[in-house]
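Colleague: One structure is given below, represented as structure tokens, and several questions about it will come after.
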Amino acid sequence: MGVFTILLKYRTDKDSLGPVKIPIDAYYGPFTGRAVKQYNVTGNLSHRNLIKSFVMIKRSAAVANMKTKAINRKQGTAIVRACDKILAGKYIDQFVVDMINSGAGTAFNMNSNEVITNVALKGLGKKQGQYQFLHPNDHVNMSQSSNDTYPTAMHMAILFSFGEMLPAIDKLIKSINKKAKQFSKYKKLGRTHLMDALPVTLGSEFAAYATSLTNARNQIISSQKELEQVALGGTAVGTGANTPRGYRKIAIIELSKVSKLSLKPQKDMQYALQSKFPVANASSALKNFAIELGKVANDIRLMASGPIAGLAELGIPAVHAGSSIMPGKINPSLAECMNMICFSVIGNDTTVSFAAQAGQFELNVMLPGMLKAVLDSTDMLTNFLPIFSANLIEGLTANQIRLRENIENSPVIVTLLTPKIGYLKSADLFKESLKTGKTIRELVISKKLMTDKEVNVLLG
């Protein structure tokens, strides 16, 4: 059996540190070539929304540089056309830097600069690596720094991801509200401290879930306003060094147009580089949503427990077999999965919190780790919420017999008698019910405290 050897061809690109061997067909360059060897961290390449955001920034910067005459039209147009090709879905595989990379995301910024440069060079009839005609730093990165482009791209990527996630949240809330209406007449035993409490309706319980999730959703929407204020034009330390007059305004207007996001210049550019409050605030809103959603998943799991020895108040759809050893067992697997997602989102917010407070002086450099955490959260929710809504929430059924039995058999409903017979007599009835096994209904009727009709009215 022969041994086949794949012979890779390379070109030599040069940066400020010297020559770097790059695969001859690659559209990235020397900075990226070094970066991929240094930042093998997660195994996850750059997020699609980060790539899209960066390419839009580079395109907008090129337009602004042309309008301010900082770059000639031939070079600027080549950059714009290269960006348009990437935004159309080409060359995405050339963005090869790990999501967690160098501080401030410099490695990814340069990966973007190099890919755009080499695509533009091809459009100019040149070969990859012929940077004397168009340079990643001098032309594609003109009037920019990693320190203002990455924070801007962070905000944009989160806004894009929120735009993907919010319809899934709205679908979930709609599904829960539908169940609230469907279950509106089904009385059930309330529970406080995990113990029997006064009756509520199953519908009102689900309506409360919808309210909590709606409130959390609105926090996410509110957090977008801070994200819409961007750092672009601040360059290295928020002073706007090396930018031509009028560049910042033109670039952000162009960026808003191409991204279809309502972007505005952050008035305090140093703040925009120093503080990551907008990202921390958005992450916190995600965490709060996860807290509320986790509670919903917990309750569903408890109400569906059984079917014999548990609460068994809800029936759950059989989406797949629950056990590898116990035939016929159906588990609340989707609710369990949602719990795990919620735990992850809460954990990701902890990452963001530590990263946000770790900035020093004029720059917070922990941007890639922060962004990865937020986008991991949005991706999980975007992917799973539609499944959770369609395959669990919409398929839930109420066990009306069990709901009624729990109310009838629980002595706690004696609380409803308190206004009529007083607290102490009600407490005595409670104890007697527990001791004898007789229901409150049986006791109040036998003691002529209430008629059967009155009890029916009381219990609904």
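The values are calculated or read from the model by the stated rules, or taken from the named source; none is laboratory data. This is a predicted model, so every value here is computed, not measured. With ideal geometry, Cβ positions are generated from the backbone for all residues, glycine too; neighbour counts draw on all protein chains shown.
Colleague: Look through ASN113, ASN137 and report the one residue that is under 30 Å from ASP268 (Cα atoms), crowded, with 22+ Cβ neighbours inside 10 Å and polar (S, T, N, Q). Before you say what the answer is, go through the steps one by one.
Modeller: Numbers: ASN137 fails: crowded, with 22+ Cβ neighbours inside 10 Å.
ASN113 is the lone residue from the list that is under 30 Å from ASP268 (Cα atoms), crowded, with 22+ Cβ neighbours inside 10 Å and polar (S, T, N, Q).
Colleague: Also: Could you go through the range 165-177 and let me know if any residue there is assigned to a helix (DSSP H, G or I), more than 26 Å from the chain's Cα centre (by Cα) and modelled with pLDDT of 95 or more.
Modeller: Initially, the range 165-177 is screened for residues assigned to a helix (DSSP H, G or I), giving 165-177.
If we keep only those that are more than 26 Å from the chain's Cα centre (by Cα) too, we end up with none.
No, the range 165-177 contains no residue that is assigned to a helix (DSSP H, G or I), more than 26 Å from the chain's Cα centre (by Cα) and modelled with pLDDT of 95 or more.
Colleague: Looking at the range 195-207, I want the residues that are more than 10 Å from ILE413 (Cβ to Cβ) and have a partner that is in a strand (DSSP E or B) and of a type in the set (Lys, Arg) with Cβ atoms under 6 Å, at least 6 apart or on another chain. Which pairs are those?
Modeller: THR201/LYS187; LEU202/LYS188
Colleague: Working only within the range 26-47, note down all residues that are in contact (Cβ under 8 Å) with a residue 12 or more places away in the chain and either among the charged types (D, E, K, R) or not assigned by TED's automatic domain parsing to the domain that holds ASN137 (or both).
Modeller: Listed by number, the list holds a single entry, ARG34.
Colleague: Considering only the range 370-460, give the helices (runs of 4 or more DSSP H) lying wholly within it that have at least 1 residues that are surrounded by fewer than 20 Cβ atoms within 10 Å (Cβ to Cβ) and touching a Ser or Thr at 6+ places or on another chain (Cβ under 9 Å).
Modeller: Those helices (runs of 4 or more DSSP H) span 400-409, 418-421, 423-436, 440-446.
Colleague: Have a look at LYS90, LYS69 and point out the one that is surrounded by fewer than 20 Cβ atoms within 10 Å (Cβ to Cβ), touching a helix residue (DSSP H, G or I) at 6+ places or on another chain (Cβ under 9 Å) and either on the phi < 0 side of the Ramachandran plot or part of a loop (DSSP other than H, G, I, E, B) (or both).
Modeller: Values: LYS69 fails: touching a helix residue (DSSP H, G or I) at 6+ places or on another chain (Cβ under 9 Å).
Criteria check complete, one pass: LYS90.
Colleague: Just to check your reading of the model, which residue among CYS337, CYS342 is closer than 29 Å to LYS52 by Cα and surrounded by 16 or more Cβ atoms within 10 Å (Cβ to Cβ)?
Modeller: CYS342
Colleague: If I go through the range 407-460 residue by residue, how many of them are on the phi > 0 side of the Ramachandran plot and in contact (Cβ under 8 Å) with a residue 24 or more places away in the chain? Give the steps one after another, and end with the answer.
Modeller: Taking the range 407-460 first, the residues on the phi > 0 side of the Ramachandran plot are 422, 437, 448, 460.
The next check asks that each one be in contact (Cβ under 8 Å) with a residue 24 or more places away in the chain; those that pass are 460.
The qualifying residues number 1.
Colleague: Quick check on the range 298-317. Is at least one of its residues surrounded by fewer than 19 Cβ atoms within 10 Å (Cβ to Cβ) and of a type in the set (Ser, Thr, Tyr)? Quick ask: steps written out before the conclusion?
Modeller: Step one: of the range 298-317, the residues surrounded by fewer than 19 Cβ atoms within 10 Å (Cβ to Cβ) are 298-299, 302, 305-310, 312, 315, 317.
Next, only the ones that are of a type in the set (Ser, Thr, Tyr) stay: 305.
Yes, some residue in the range 298-317 is surrounded by fewer than 19 Cβ atoms within 10 Å (Cβ to Cβ) and of a type in the set (Ser, Thr, Tyr).
Colleague: For the condition closer than 21 Å to SER256 by Cβ and either touching a residue at least 12 places away in the same chain (Cβ under 8 Å) or surrounded by fewer than 21 Cβ atoms within 10 Å (Cβ to Cβ) (or both), what is the one hit in PHE108, PHE54? If you could, list the steps in order and put the result at the bottom.
Modeller: Details: PHE108 fails: closer than 21 Å to SER256 by Cβ.
Residue meeting the stated conditions: PHE54.
Colleague: I'm checking my understanding of the structure. Among residues of the range 189-227 that are closer than 16 Å to LEU314 by Cβ and touching a strand residue (DSSP E or B) at 6+ places or on another chain (Cβ under 8 Å), which one is surrounded by the fewest Cβ atoms within 10 Å (Cβ to Cβ)?
Modeller: Here the residue is VAL200.
Colleague: Could you list all residues from the range 350-369 that are outside any loop (DSSP other than H, G, I, E, B) and either free of Cβ contacts under 8 Å to residues at least 60 places away in the same chain or buried (at least 23 other Cβ atoms within 10 Å of the Cβ) (or both)? Before you say what the answer is, go through the steps one by one.
Modeller: Initial filter on the range 350-369 (outside any loop (DSSP other than H, G, I, E, B)): 350-357, 360, 363, 367-369.
Hits for the range 350-369 are THR350, THR351, VAL352, PHE354, ALA355, GLN357, GLN360, LEU367, PRO368.
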